[in-house]
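Peer 1: My structure is below; once you've seen it, I'll send some questions.
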Amino acid sequence: MRDITKQRYTGGKANLRRFHQARWDEPIIFELSRPGQRAILVPEVDAGIRREVSDGTAALPARMRRKEPPRLPELSQPQVLRHYDRLSQETLGADLNIEIGQGTCTMKYSPKVNDQLATLPQVAEVHPLQPEETVQGILEILYRFAEILKEISGLDHFSLQPGAGSVGIYTNAAIIRAYHRLRGQGDQCDEIITTIFSHPSNAACFKTAGFKVVTLHPGEDGYPGLDALKAAVSERTAALVITNPEDTGIYNPHIREFVRTVHDAGGLCSYDQANANGILGITRASEAGFDLCQFNLHKTFSSPHGCGGPAVGACGVTQELARFLPVPVVAFDGRRYRLDYDRPDSIGKIGPFFGVAPVVVRAYAWVMSLGAKGLREVAEISVLNNNYLLKKMKEIRGLSAPYAKRQRRIEQVRYSWERLTRETGIRSEQLGVRAADFGVHYWTSHHPFVVPEPCTLEPTESYSREELDEYVAIMRHVAEEAYTDPERIHAAPHNSTVHTIDHTPLDDPTQWAMTWRAYGRKVSREDG
Amino acid sequence: MSEERPVVYPYIPNSVPDVKAGMLREVGAQSTEDLFQDIPEHLRLRRDLDLPEPLLSEYALRRHVEGILSRNRSCKDYLSFLGAGCAQHYVPALCDEVNRRGEFLTAYAGGPYEDHGRFQALFEYASMMGELLNMDVVNVPTYDGFQAAATSIRMAARITGRREALLCRAGNPGKLGRIREYCRPDIEVRLVGYDPISGQMDLEALAATLSGRTAAVYFENPSYLGFIETHGDEVSRLAHAYGAVCVVSVDPSSLGVLAPPADYGADIVCGDIQPLGMHMQFGGGQAGFIATRDEERYVMEFPSRLFGIAPTSVSGEYGFGDVAYERTSFALREKGKEWVGTAAALWGITAGVYLALMGPQGMAELAEGIMARSQYAMAHIARVCGVRAPVFQAPHFKEFTVNLDRTGKRVAEVNRQLLERGILGGKDLSQEFPELGQSALYCITEVHTRGDIDGLVDALQEVVK
């Protein structure tokens with residue numbers, strides 16, 4: 001038998017793992033169905049009710065009755081559990097891997113104690129419309145956490161209602177629209193200015209809210225020049241919507257001049273703080289003069305990402321804009337917490353209730369476990385980790401870190417494999433598929449690819465030096481393979497749950513299938 | 001005095017001083033301060049954040065947060081009849097078991113090779129919802145039912161190239177407000193009244209308002225006020241006669257018994273999956289679905305991600321991926337359809353677990369049992385002196401209106417006295433629907449026993465006396 005311990009360490013350094021993703025060949029759940037199986041029984045209707053109402057559906061007119069039962073699968077309970085446990089094993093959660101390859105997503109550790117707190121019955125079993133005196137605990141947490149965000153941002157008021165980052169940005173957009181409308185300039189101020197490195201949904205949210213979008217491109221420093229901004233600003237400018245640092249990790253030192261330029265033209269400035277992890281306690285929205293901002297509690301503030309939500313996109317504003325915040329706002333009179341709906345200029349409700357309370361509980365607990373010094377440690381270590389990773393990554397053949405050669409980076413870097421692609425023909429996306437063979441994620445960039453053959457890494461504060469080294473070793477191995485054994489990369493993945501996926505049906509209306517029933521119909525037609 | 005020892009933070013591996021020092025040397029920095037050299041001095045915060053003292057031990061943290069939360073009372077402490085968009089259903093143990101697994105809980109946006117299971121679980125969620133809804137296309141969940149409805153109407157406007165939407169006024173006022181706000185830049189929203197006796201949408205008013213400008217006709221079924229709109233087929237026929245899209249928001253927990261809206265002509269069906277395995281969470285268990293037929297002109301207007309099944313290089317193996325990704329804002333920025341981003345995927349997986357557990361039989365029993373209980377409740381509440389229930393003469397599903405006008409009492413006052421008896425009375429409707437006088441919206445689900453309902457009736461009896 002091979003001695004894996006000898007394989008694992010060579011010259012004191014960790015070797016790559018012999019990873020293989022779980023491969024259960026798990027059928028689609030409908031294929032496991034057997035008529036008559038039950039996985040859970042529904043509470044029976046009491047005999048006393050049955051005596052009076054023998055058939056609850058009797059009052060329904062025929063046309064409102066379901067004609068055929070839904071063709072849901074029929075399974076026993078242990079089969080359902082095994083099915084989902086297998087699917088979970090075929091999913092690479094952040095709990096399992098050195099999760100630094102999904103840059104921009106701030107894949108930090110989500111403390112388990114916070115999950116336990118967020119799922120207590122005092123959170124889970126609380127109805128949102130209970131009388132205020134019965135929900136003082138959760139209102140207190142919402143209030144306290146808004147106070148924390150006020151201090152972290154320097155802004156004056158927060159709403160925790162938006163259900164993730166993009167709708168937090170949309171809330172910014174709706175507030176900006178309301179502000180200009182109230183000043184009688186709603187028709188005139190119909191443009192926003194953003195940057196090509198900003199999240200693509202930022203531009204989309206503002207477009208949905210009725211704005212035209214002007215997009216600035218980076219100069220040699222990695223961010224747009226002040227001249228470019230000045231050329232774009234006009235009396236039509238409703239707002240500047242900007243991230244700093246952007247996904248390059250380069251901090252734009254001229255940000256206050258950017259803000260001033262837009263303010264001078266009558267516009268507002270909205271700060272997308274998706275990349276706040278490296279600047280907690282270092283610099284704030286208020287110092288740069290921003291009017292609004294947005295934080296992702298599921299990123300910077302550690303709440304788990306849940307395969308893509310539930311989440312919170314906290315929206316912060318200055319005193320001047322507080323009147324426009326979504327209703328209700330949690331208020332505190334020194335004794336009692338209450339929900340304030342009496343806000344006539346509010347943009348209204350963004351969601352049905354008050355946002356995703358368990359996410360706020362987690363974020364609150366996370367900040368309380370760290371305090372001011374701990375948050376600063378988060379920023380310092382995430383930036384240290386990033387600059388350490390940058391140094392190691394740049395030693396890899398074929399890779400570069402475009403822009404700002406002499407500058408430090410904040411919490412992430414957008415790298416480029418342009419040279420590797422030129423020299424080997426292997427594309428960044430292919431490197432990512434191969435990297436998955438070693439049990440890690442890897443991500444290119446948002447579209448469009450401004451940086452050629454991009455790769456975005458964000459190490460956060462949650463990984464040890466040895467884990468960063470391991471990730472670099474994987475990248476080095478994969479890059480070397482591109483030069484020495486490109487066929488191995490072309491044929492990847494080798495260790496994943498499934499083999500190379502044929503994506504063509506996904507863009508073909510005659511073949512695509514978003515449900516099992518559609519798939520069955522289309523496949524049987526093909527077979528026929 | 002000994003120096004203050006640096007804290008080694010359990011969540012921050014490299015906070016060990018030696019490790020930190022070694023890494024700083026490696027990057028050629030004297031201190032972490034060097035790493036922030038590009039942030040100008042005038043933007044630096046040169047003081048500690050003014051935050052509460054940290055609770056460094058896990059024990060102290062737990063005790064602190066539990067202490068605050070102990071000031072909450074939950075629906076386990078009270079007998080609750082609150083609904084209005086968030087209902088207390090039984091959450092099967094497996095729903096929590098699956099959505100608390102670290103693999104699902106902490107995954108995010110990985111590709112279909114690393115996250116095959118996530119793609120399959122969400123494809124299966126959409127597939128089971130598709131069966132329940134009798135629709136072929138279901139999205140990866142959006143934030144909540146409000147967003148689902150608002151987006152459905154924007155989709156209808158894009159599909160038809162028209163700019164007017166007609167909404168039934170018996171809908172959730174908060175949701176109608178959200179639709180209005182969301183559609184404002186591009187779509188004019190008009191309300192259509194309802195019959196004061198039956199609650200049904202006013203078909204004459206609808207016919208008079210419909211025109212070649214109408215993009216969408218929207219109603220909720222069951223309605224916000226609990227009654228079932230039984231003329232869905234006529235509404236959709238009218239809408240279609242003018243080339244408009246029929247959009248219906250539905251409570252998925254009703255569909256074991258109620259006809260899916262597609263069967264009476266709905267083109268886009270939306271709603272909230274909170275009833276399907278999500279705890280109430282003070283409103284944090286909401287997630288929105290949107291469903292359509294498998295027609296390209298509908299599919300291409302979804303802003304959401306749509307996961308599709310695809311072959312792999314190995315015969316018989318299932319792969320997954322994004323369908324028509326090029327329509328999204330991820331691909332096209334502001335030229336995409338509305339926007340897409342993180343929303344409520346974990347609740348989609350959970351609803352999938354719920355539907356797999358319940359099966360066709362479970363969903364039928366659930367809906368019938370709720371209807372039986374709510375009919376019993378309406379009948380007995382109506383016997384309380386001066387109380388009218390329901391206000392509308394129509395079949396109801398799980399919610400219904402209770403009017404107190406003839407008791408001379410206000411809902412707020414009655415609810416206060418019910419609370420003293422350990423009961424959370426129905427939502428006060430007097431602000432949202434002043435025309436209903438002092439009315440409350442009560443919600444009955446499968447969690448309510450006959451004893452619970454009788455207890456409510458007895459308490460109401462005492463309170464309105």
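Values quoted throughout were computed directly from the atomic coordinates according to the rules given, and no laboratory measurement underlies them. From a predicted model like this one, the values you see are computed outputs, not experimental measurements. Every residue, glycine as well, gets a Cβ built from its backbone with ideal geometry; the counts of neighbours run over all protein chains shown.
Peer 1: Provide the FRET efficiency to the nearest 0.05 for the residue A:188-residue A:429 pair, computing r from the beta carbons and using R0 = 30 Å.
Peer 2: With a Förster radius of 30 Å, E is 0.10.
Peer 1: Also, quick follow-up: State whether chain B is rounded, prolate or oblate according to the following rule on the C-alpha gyration tensor (a ≥ b ≥ c being the square roots of its eigenvalues): a/c under 1.5 gives rounded; otherwise a/b larger than b/c gives prolate, and the remaining case gives oblate. Don't jump to the answer; show the numbers that get you there.
Peer 2: Values: a/c = 1.92, a/b = 1.34, b/c = 1.44.
Taking the square roots of the gyration eigenvalues as a ≥ b ≥ c, chain B is oblate.
Peer 1: Quick one: if you stick a label point 7 Å off each Cα along the C-beta vector at residue B:435 and residue A:485, how many nm between them?
Peer 2: Using points 7 Å along Cα→Cβ, the separation is 7.5 nm.
Peer 1: Taking the DSSP beta bridges in chain A as the whole, what percent of them are antiparallel, to the nearest 5? Mind showing how you got there, number by number?
Peer 2: Details: 19 of 35 bridges.
Given both bridge residues lie in chain A, the antiparallel proportion sits at roughly 55 percent.
Peer 1: If packing is taken as the average number of other Cβ atoms within 10 Å across a peptide's residues, how do B:142-148, A:148-154 rank, most packed first?
Peer 2: On the way: B:142-148: 31.4, A:148-154: 21.3.
Going from most to least packed, we get B:142-148, A:148-154.
Peer 1: Name the residues whose placed amide hydrogens come within less than 5 Å of the amide hydrogen of residue B:396, ignoring near sequence neighbours (fewer than 5 apart) on the same chain.
Peer 2: Those lying under 5 Å, H to H, from residue B:396 are B:228.
Peer 1: Same structure, new question: Taking the 0 to 90 degree range and rounding to the nearest ten, how far is the long axis of helix B:116-133 tilted relative to the main principal axis of chain B, both from C-alpha atoms?
Peer 2: 10
Peer 1: Percent relative contact order of region B:1-142, based on C-alpha pairs within less than 8 angstrom and at least six residues apart?
Peer 2: 6
Peer 1: Let me ask something else. Let me know the shape class of chain A, please: from the alpha-carbon gyration tensor, a ≥ b ≥ c as square roots of the eigenvalues, rounded when a/c is under 1.5, otherwise prolate if a/b is greater than b/c, or oblate. Could you put the intermediate results ahead of the total?
Peer 2: Numbers: a/c = 1.57, a/b = 1.02, b/c = 1.53.
Verdict is oblate for chain A.
Peer 1: Spin-label point model (7 Å from Cα, Cβ direction): what's the residue B:48 to residue B:70 distance in nm?
Peer 2: Here the answer is 2.8 nm between the modelled labels.
Peer 1: Here's another thing I want to ask about it. Between residue B:191 and residues 5 or more places away or on another chain, which pairs have amide H atoms under 5 Å apart, with H built 1.01 Å from N, and which residues are they?
Peer 2: Residues meeting the criterion, in which the H sits 1.01 Å from N, are B:167.
Peer 1: Another question, if that's okay. Mind ranking B:254-267, B:308-321, B:13-26 by how tightly packed they are, going by the mean number of other C-beta atoms within 10 angstrom, highest first?
Peer 2: B:254-267, B:308-321, B:13-26
Peer 1: Just counting partner chain Cβ atoms within 10 Å, what average do the residues of peptide A:23-31 show around their Cβ?
Peer 2: If you average over the peptide's residues, the count of other-chain Cβ atoms is 4.
Peer 1: Taking Cα pairs under 8 Å and at least six residues apart, what relative contact order does chain B come out at, in percent?
Peer 2: Over chain B, the number comes to 18 percent.
Peer 1: If you don't mind, there's one more thing I want to ask. Pull out the extension gain between residue A:132 and residue A:504, defined as 0.36 nm times the separation in residues minus the alpha carbon to alpha carbon distance; nm, one decimal.
Peer 2: 128.6 nm
Peer 1: Please tell me which of these pairs span more than 23 angstrom C-alpha to C-alpha: A:207/A:230; A:212/B:337; A:150/A:230?
Peer 2: In this structure, A:150/A:230 exceed 23 Å between Cα atoms.
Peer 1: Tell me which DSSP H helices of chain A clear both cut-offs, 20 Å or more of axial length from alpha-carbon atoms and a mean Kyte-Doolittle hydropathy of at least 0.0. Working shown, then result.
Peer 2: Details: long enough: A:136-153 (25 Å, 0.51); A:165-182 (26 Å, 0.35); A:357-393 (39 Å, 0.43); A:465-484 (28 Å, -0.62).
In chain A, the long hydrophobic H runs are A:136-153, A:165-182, A:357-393.
Peer 1: Regarding the protein assembly as shown, what are the three Cα extents along the principal axes, ordered largest first, in Å?
Peer 2: Result, largest extent first: 82, 67, 62 Å.
Peer 1: Kindly state, to the nearest 0.05, the FRET efficiency for residue B:393 paired with residue B:31, given R0 = 60 Å and r defined as their beta-carbon distance.
Peer 2: For R0 = 60 Å, the calculated efficiency reads 0.20.
Peer 1: Can I ask one more? Between region A:273-338 and region A:432-494, what is the separation of their alpha carbon centroids in Å?
Peer 2: The two parts, judged by their Cα centres, are 33 Å apart.
Peer 1: Still on this model: Averaged over B:449-456, how many beta carbons belonging to a partner chain fall within 10 Å of each residue's beta carbon?
Peer 2: On the way: counts 6, 8, 2, 1, 3, 3, 0, 0.
That works out to 3 on average.
Peer 1: Sticking with this structure for a sec: Measuring from label point to label point, each 7 Å out along Cα→Cβ, what is the residue A:34 to residue A:319 span in nm?
Peer 2: Spacing of the two 7 Å Cα→Cβ label points: 7.1 nm.
Peer 1: How much length is gained if the chain between residue B:326 and residue B:190 is pulled fully straight, taking 0.36 nm per residue apart and subtracting their Cα-Cα distance, in nm to one decimal?
Peer 2: Numbers: separation 136, 0.36 × 136 = 48.96 nm, distance 3.25 nm.
Extra length from residue B:326 to residue B:190 when fully extended: 45.7 nm.
Peer 1: Let me ask something else. Counting each DSSP H run of 4 or more residues in the protein assembly as shown as -39500 (n - 2.57), what helix-only mean residue ellipticity at 222 nm follows after dividing by all residues, to the nearest 500 deg cm²/dmol?
Peer 2: It comes out at -11000 deg cm²/dmol, rounded to the nearest 500.
Peer 1: At a threshold of 8 angstrom on Cα-Cα distance, excluding pairs fewer than six apart, so keeping six or more, what relative contact order does chain A reach in percent?
Peer 2: 19
Peer 1: May I ask you to derive the FRET efficiency for residue A:112 and residue B:383 from their Cβ-Cβ distance with R0 = 45 Å, giving the value to the nearest 0.05?
Peer 2: Details: r = 51 Å, r/R0 = 1.13.
Plugging the Cβ-Cβ distance into 1/(1 + (r/R0)^6) gives 0.30.
Peer 1: While we're here: Any chance you could give the angle, 0 to 90 degrees and rounded to 10, that helix B:17-26 forms with the longest Cα principal axis of chain B?
Peer 2: 70
Peer 1: Could you work out the mean count of beta carbons from other protein chains within 10 Å of each residue's beta carbon in B:174-186?
Peer 2: That works out to 4 on average.
Peer 1: Moving on. Just want the answer: with Cβ charges of +1 for Lys and Arg and -1 for Asp and Glu, which residue in A:238, A:341, A:304 is farthest toward the dipole's positive end in region A:118-367?
Peer 2: About the Cα centre, the residue reaching furthest to the positive side is A:341.
Peer 1: Give me the angle, in degrees from 0 to 90, between the Cα long axis of helix B:58-69 and the longest principal axis of the Cα atoms of chain B, rounded to the nearest 10.
Peer 2: Taking the Cα atoms of chain B, the angle to B:58-69 is about 20 degrees.
Peer 1: Can you tell which of B:17, A:396, B:149 lies farthest toward the positive end of the dipole of the protein assembly as shown, using +1 and -1 charges on the Cβ of basic and acidic side chains (Lys, Arg; Asp, Glu)?
Peer 2: Working it through, the farthest residue towards the positive pole turns out to be B:17.
Peer 1: With +1 on each Lys and Arg Cβ and -1 on each Asp and Glu Cβ, and nothing else charged, work out how big the dipole of region B:93-354 is about its Cα centre, in Debye to the nearest 20. All intermediate terms of the calculation are to be shown ahead of the outcome.
Peer 2: Values: 22 positive and 33 negative charges, 173 e Å.
My answer is approximately 840 debye.
Peer 1: Which percentage, to the nearest 5, of the DSSP beta bridges contained in the protein assembly as shown is antiparallel?
Peer 2: If I count the DSSP bridges inside the protein assembly as shown, around 55 percent turn out antiparallel.
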